[in-house]
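Engineer: Here's a structure for you.
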Amino acid sequence: MGREITIFQFRRWLLAYAARIIENESHLTELDTAIGDADHGVNMRRGMEKLQERLQEDAQTEDIGTFLRSVAMTLISAVGGAAGPLYGTFFLRAATSPTNGRSVDLIQLTQMFRYGLDGLQQRGKAQADDKTMIDTIQPAVEAMEAALAARQSAAVVLAAARQAAHLGMKHTIEIEAKKGRASYLGPHSIGHQDPGATSAYFLFETAAEALTTFNSSGNSSERAA
């Protein structure tokens with residue numbers, strides 16, 4: 001449980017996230033066409049292309065907090081619509097959690113996600129079951145905290161988060177939107193998966209892959225049981 005997660009792995013995680021979003025631009029657009037403005041895919045793809053550029057430019061970032069703030073400002077400036085400020089807030093607030101220079105332990109990593117979630121809820125005023133990205137992120141963070149309390153490894157903690165995020169994403173199909181453009185549809189929003197919850201799921205999916213494998217220092221990978 002005590003293995004350090006390095007800034008190298010953070011960079012690899014967010015490069016993987018950017019690639020996953022770009023690969024799924026059409027899927028995100030399709031979801032947003034049903035209940036939104038049909039722009040979540042293109043907005044996210046545009047932001048992820050800028051993020052890829054920034055991550056290559058900032059290869060020598062000194063610490064994780066600075067790194068996350070750079071990610072936040074890139075997303076705020078490059079992702080259009082409501083998603084940019086929301087994702088930016090998530091990473092900006094995550095950057096304010098206690099860190100350890102160029103690496104964090106599992107407790108600190110979990111705190112980062114909690115800080116990010118709290119920041120999102122304060123900015124967007126959304127709660128669980130509002131059919132937003134919160135429906136993915138909140139259960140994922142709670143699953144991380146529960147697995148951490150049970151003294152599980154990083155691989156198990158992040159696998160639990162990924163599973164909870166997936167279930168939360170799918171749960172948005174069953175509920176009525178209460179926030180954002182989709183809320184204008186009222187009960188007609190039921191039966192459609194929320195695009196923001198979907199792009200948020202990719203965040204946890206790629207974290208489970210990138211933060212539990214080999215890092216630049218040669219630490220051995222962990223795998224969920």
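Laboratory data are not the source of any read-out in this text; all were calculated from the coordinates shown. Quick caveat: nothing in here was measured; it's all calculated off a predicted structure. All Cβ positions, glycine included, derive from the backbone under ideal geometry; neighbour counts span all protein chains shown.
Engineer: Could you state the angle between the C-alpha long axis of helix 40-57 and the longest principal axis of the C-alpha atoms of the chain, as a value from 0 to 90 degrees rounded to the nearest 10?
Structural biologist: So the helix axis and the longest Cα principal axis differ by about 20 degrees.
Engineer: If you take every residue apart from residue 128 with its C-beta less than 12 Å away from the C-beta of residue 128, what net charge results, scoring Lys and Arg +1 and Asp and Glu -1? All intermediate terms of the calculation are to be shown ahead of the outcome.
Structural biologist: Values: positive: 131, 178, 179; negative: 129, 130, 135, 142.
Residues close to residue 128 contribute a combined charge of -1.
Engineer: Across the chain, how many lysine pairs, 8 or more apart or on two chains, come within less than 16 Å at their alpha-carbon atoms?
Structural biologist: The result is 5.
Engineer: Relative to the first principal axis of the alpha-carbon coordinates of the chain, what is the inclination of helix 25-35, with its axis defined by its Cα atoms, in degrees from 0 to 90 and to the nearest 10?
Structural biologist: 40
Engineer: Under unit Cβ charges (Lys, Arg +1; Asp, Glu -1), what dipole magnitude, rounded to 20 debye, does the chain have relative to its Cα centre?
Structural biologist: Details: 22 positive and 26 negative charges, 64 e Å.
About 300 debye.
Engineer: Could you point to the label whose value was computed as mean projected area of the Cα convex hull in nm² for the structure here, given (1) 13.3; (2) 10.9; (3) 15.6?
Structural biologist: (2)
Engineer: On a C-alpha basis, how far is the centre of segment 164-200 from the centre of segment 107-137 in Å? Whole number, if you could?
Structural biologist: 15
Engineer: Given Cα pairs under 8 Å that are at least 6 residues apart, what percent is the relative contact order of the chain?
Structural biologist: Relative contact order, the chain: 23 percent.
Engineer: Next up: Could you tell me which residue out of 77, 92, 55 lies farthest along the dipole of segment 28-115 toward its positive end? Charges go on the beta carbon: Lys and Arg +1, Asp and Glu -1, centred on the Cα centre.
Structural biologist: Of 77, 92, 55, it is 92.
Engineer: Sticking with this one: Relative to the longest principal Cα axis of the chain, at what angle does helix 154-171 sit, 0 to 90 degrees, rounded to 10?
Structural biologist: 0
Engineer: Report, in debye and to the nearest 20, how large the dipole of segment 58-149 comes out about its Cα centre when Lys and Arg carry +1 and Asp and Glu carry -1 on their Cβ.
Structural biologist: 240
Engineer: Average the reciprocal distances over every distinct pair of alpha-carbons in segment 9-71, invert the result, and give the Kirkwood radius in Å.
Structural biologist: When all Cα pairs of segment 9-71 are included, the Kirkwood radius is 12.4 Å.
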